[in-house]
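The values are calculated or read from the model by the stated rules, or taken from the named source; none is laboratory data. These numbers come from a predicted model, not from an experiment. Positions of Cβ are generated from backbone atoms using ideal geometry, with glycine treated the same way; all protein chains shown enter the neighbour counts. All accessible areas refer to the heavy atoms of the entire protein, side chains included, with ligands and DNA or RNA removed. Shrake-Rupley method; radii C 1.70, N 1.55, O 1.52, S 1.80 Å.
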Amino acid sequence: MKKSAQYTDWDLGMGRDITRRDFIHDSGLAALALSLPVSVIGSGDPGSDGQYYPPTRTGLRGSHPGSFETAHALAREGRSFPAPRDLDEEYDMVVVGAGISGLAAAHYYRAKFGKDTRILILENHDDFGGHAKRNEFHQGGQMRLSLGGTHNLEHWKFSDTVNSLMDELGVDIEKLLANKEFGYGRNGEKGPAIWFDADTYGQDKLLTGSTLNEKDPDRMVENIDQFPVSETAREQLRQFYTARTNVFEGVSEEQVMAYMTSTSYTDFLRQHGGLGDEAVQLFDNANHGGWGVETRSLSVAECLGIGMPGIQLLGKTSEADKWEYPVAMFPDGNASIARLQVQALIPDVAPGTNADNIALAKFDYSRLDQLDSPVRLRLNSTVINAVNTDFGVAVTYINNGKTLRVKVRHCVMACYHVIIPHLCPDLPEAQKTAQKYQVKRPLLLTNVLIRSSEAMDNLGIAGASCPGRMHSHIFMFKGINTGGYTHKFADKGPVPLTFWGTIAPSAEVVDIKAQMRDARARMLALTFEDYEREVRTVLKGMLGPAGFDVKRDVLAITVNRWPHGYSHDYLDLWDPDWPEGEAPHEIASKPFGNITMANSDAGADAYTHVAIDQAYRAVQELSQGASEQVYDASA
Ligand SMILES: Cc1cc2nc3c(=O)[nH]c(=O)nc-3n(C[C@H](O)[C@H](O)[C@H](O)COP(=O)(O)OP(=O)(O)OC[C@H]3O[C@@H](n4cnc5c(N)ncnc54)[C@H](O)[C@@H]3O)c2cc1C
């Protein structure tokens, strides 16, 4: 990892006492919640009363320590566990994984088999939601929310199934859209910004009103003149951005398309854009957040399709230029969706909650796993085995060091597909191979609660892209006034700054899956202090000149690591065009006796709506007379 050459740990305030492991003490909810019933908001400060309340935990979150070790021992070391003890509990079905897909599976199961069916949802993390993770900070009499994982709803892609679920949850997309000022860091007074850091570019330089995706050539040239790179690189960039030509003149459309889908974007920049390594470096991490991969691993077609520069070399203009990103959002991202799902399944966790107050709701985690509830959600429970039997399915899991088994009619695997071959070793080999193909993309989302937005306001920015740093983008997370929560852009008080991206794999690693594994290993090897040093370096260099005091103004840090992040969607350079029915996700998600497969992996697309659609399918594949259709292992 890059260590700052110019700042010592002392300069960065590394020794300072910030909130990193527990929660921020404050009684901020009261101010926000005057008009809400006590059951919605809870009383006092969640966490400080000693209650189990993971959203306020800081430090290493996302896949936090304690959540993945059992699965790794099983999958990586082939470890065996003590014989299970059978639970004295009765359920009709078990869901493996309490992400949005698993929660949706429980919903659809009740819709199909009846409200009285008994469901156990097992989740290896200390919180529910999977990637839909809420980060909650309390400071200065206020609660400040941020997203710890999945951000937004791409509602224009919703199926009827997803729209119906949103209706049932009371999610009103129009209302969400109408109450969003947030613009992913691009809508500061001076527009988007690029921050060049001294460790990479020799000097710290913030360039406001600037983006690598600028479409106005004159404005781009003015910006390039200020890029702290060599004059050779600057001149290459000027030529590239101002060129108006068709480098494929006389070549057939098919041949152009074949080139665009088989050539790396960075190779295209070199071959046709005339850029050398120094200029190409500016684009290296541009897709860390959006795709979870290096730009070198994406095709020309994929990059031009999202509005990256280069279309001017094809004699065309880009449709993507006109594209706004009209997503709907809650102030804790899609964690509000997961919370609404949980509340619908287990109303006792937050009585009186609805989509209009969900962001403020205090959830009573002690109600998640109650004897008298038809749906029980058990956290800190890693499933290690699920096997079809003559009565249905036997599911074994580890909770608090104990090996426990539960026997049910049905089981939905809503977990990552790569782990399923280890949980269901009897699966057909072709299915296991297909599941192992679905290597997820690591992602990183670090929230830093800063004392005030003043420095950024002074600079006229709401965020920046950082082509030289670990986190490729930063945005101030405010301006989403939905779910009962308000944090206006004009508010200069404490605000979460979201550092967004992934860990780059070694430049020598070529194969995409090897890249993902390398990035994952690096991500897990970094300590909290490594991440802290990184964000402090950026804050000092970027905001220090505008009055930000890195020793004083950092209030809390929550690092959300997602070693298994985005589902593997098929990429031009790495995946063949599979014949229908033969794509890995189609083989991977076939039912297996009374076990069916959900998760966004089953749709080979990393979206909330995909996770929901796949849950619906997985439940429809379960048959009423489950015990009559058990898998016959001897067949
Ligand atoms: C940082 C980030 C940002 C994203 N942003 C967006 C976005 O803006 N919009 C969007 O639509 N999508 C986004 N996504 C994609 C996101 O993956 C999906 O939207 C959706 O949340 C996936 O839900 P899921 O239930 O399929 O999987 P997950 O959320 O991964 O849930 C699966 C759960 O199963 C658990 N599990 C795994 N193995 C076991 C086991 N053996 N035993 C028990 N539990 C187990 C996992 O720990 C996890 O909690 C983002 C993803 C990430 C990581």
Condition broken by Arg552, with the remaining ones in (1) within 16 Å of the ligand (Cβ to nearest atom); (2) in a loop (DSSP other than H, G, I, E, B); (3) more than 25 Å from Ile100 (Cα to Cα) satisfied: (1)
Is it the case, given these coordinates, that Asp332 is of a type in the set (Asp, Glu) and surrounded by 22 or more Cβ atoms within 10 Å (Cβ to Cβ)? yes
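Tell me which residues, restricted to segment 555-582, are aliphatic (A, V, I, L, M) and assigned to a loop (DSSP other than H, G, I, E, B).
We begin by selecting, within segment 555-582, every residue aliphatic (A, V, I, L, M); these are 555-557, 559, 571, 573.
Hits for segment 555-582 are Leu571, Leu573.
Filter segment 407-443 down to residues that are assigned to a loop (DSSP other than H, G, I, E, B) and surrounded by fewer than 20 Cβ atoms within 10 Å (Cβ to Cβ) and give me whichever is farthest from the ligand (Cβ to nearest atom). Steps first, please.
Kept after step one, since they are assigned to a loop (DSSP other than H, G, I, E, B), are these residues of segment 407-443: 409, 414-416, 424-428, 438-440.
Applying the additional criterion that residues be surrounded by fewer than 20 Cβ atoms within 10 Å (Cβ to Cβ) yields 425-426, 428.
Numbers: Pro425: 13, Asp426: 16, Pro428: 20 Å.
Only one residue fits best here, namely Pro428.
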Take the residues of segment 96-120 that are near the ligand (Cβ under 9 Å from one of its atoms) and in a strand (DSSP E or B): which is farthest from Ile346 (Cα to Cα)? Val96
Given (1) open to solvent by 40 Å² or more (accessible area, probe 1.4 Å); (2) within 26 Å of the chain's Cα centre (by Cα), Gln370 misses just (2)
Filter segment 523-539 for residues that are among the charged types (D, E, K, R) and crowded, with 18+ Cβ neighbours inside 10 Å; which is farthest from Pro442 (Cα to Cα)? Arg536
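Would you confirm, using the coordinates I've provided, whether Leu313 is buried (at least 24 other Cβ atoms within 10 Å of the Cβ) and at pLDDT 95 or above?
No.
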Check segment 125-133 and report whether any residue there is under 24 Å from Thr56 (Cα atoms), away from the ligand (no atom under 12 Å from the Cβ) and surrounded by 24 or more Cβ atoms within 10 Å (Cβ to Cβ). no
Checklist (1) within 16 Å of the ligand (Cβ to nearest atom); (2) modelled with pLDDT of 95 or more; (3) hydroxyl-bearing (Ser, Thr, Tyr) applied to Ser80, failing item: (2)
Taking the criterion of being open to solvent by less than 10 Å² (accessible area, probe 1.4 Å), away from the ligand (no atom under 16 Å from the Cβ) and either assigned to a helix (DSSP H, G or I) or touching a strand residue (DSSP E or B) at 6+ places or on another chain (Cβ under 7 Å) (or both), would at least one residue in segment 594-611 satisfy it? yes
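Give me the residue from segment 56-75 that is assigned to a helix (DSSP H, G or I) and more than 11 Å from the ligand (Cβ to nearest atom) and, out of that set, nearest to Asp127 (Cα to Cα).
If we filter segment 56-75 for residues that are assigned to a helix (DSSP H, G or I), which is where we start, we get 56, 69-75.
Remaining after also requiring more than 11 Å from the ligand (Cβ to nearest atom): 56, 69, 73.
Numbers: Thr56: 11, Glu69: 16, Ala73: 21 Å.
Filtering first and then ranking leaves Thr56.
Return a yes/no flag: does segment 556-570 have any residue that is away from the ligand (no atom under 15 Å from the Cβ) and closer than 22 Å to Glu189 by Cα. It would help to see each step written out before you state the result.
Just the residues of segment 556-570 that are away from the ligand (no atom under 15 Å from the Cβ), to begin with: 556-557, 570.
Now narrow it down to the ones that are closer than 22 Å to Glu189 by Cα: none.
No, the conditions are met nowhere in segment 556-570.
Report the residue count in segment 145-185 for those that are touching a residue at least 24 places away in the same chain (Cβ under 8 Å) and away from the ligand (no atom under 16 Å from the Cβ).
As a first pass, look at segment 145-185 and keep what is touching a residue at least 24 places away in the same chain (Cβ under 8 Å): 145-159, 161-162, 165, 168-173, 175-177, 179-185.
If we keep only those that are away from the ligand (no atom under 16 Å from the Cβ) as well, we get 168, 170, 172, 175, 179, 181.
Residues that pass the stated criteria total 6.
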Could you tell me whether any residue of segment 445-465 is within 12 Å of the ligand (Cβ to nearest atom) and in contact with a helix residue (DSSP H, G or I) (Cβ under 9 Å, 6 or more places away or on another chain)? yes
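Checking the conditions here, which among Ile512, Ile480 is within 16 Å of the ligand (Cβ to nearest atom), touching a Phe, Trp or Tyr at 6+ places or on another chain (Cβ under 7 Å) and on the phi < 0 side of the Ramachandran plot?
Numbers: Ile512 fails: within 16 Å of the ligand (Cβ to nearest atom).
Of the residues listed, the single one that is within 16 Å of the ligand (Cβ to nearest atom), touching a Phe, Trp or Tyr at 6+ places or on another chain (Cβ under 7 Å) and on the phi < 0 side of the Ramachandran plot is Ile480.
Considering only helices (runs of 4 or more DSSP H) fully contained in segment 210-310, which possess at least 2 residues that are of a type in the set (A, V, I, L, M, F, W, C) and within 29 Å of Ile503 (Cα to Cα)?
Values: elements: 217-224, 231-242, 253-262, 265-271, 277-281, 300-305.
Filter on segment 210-310 gives 217-224, 231-242, 265-271, 277-281, 300-305.
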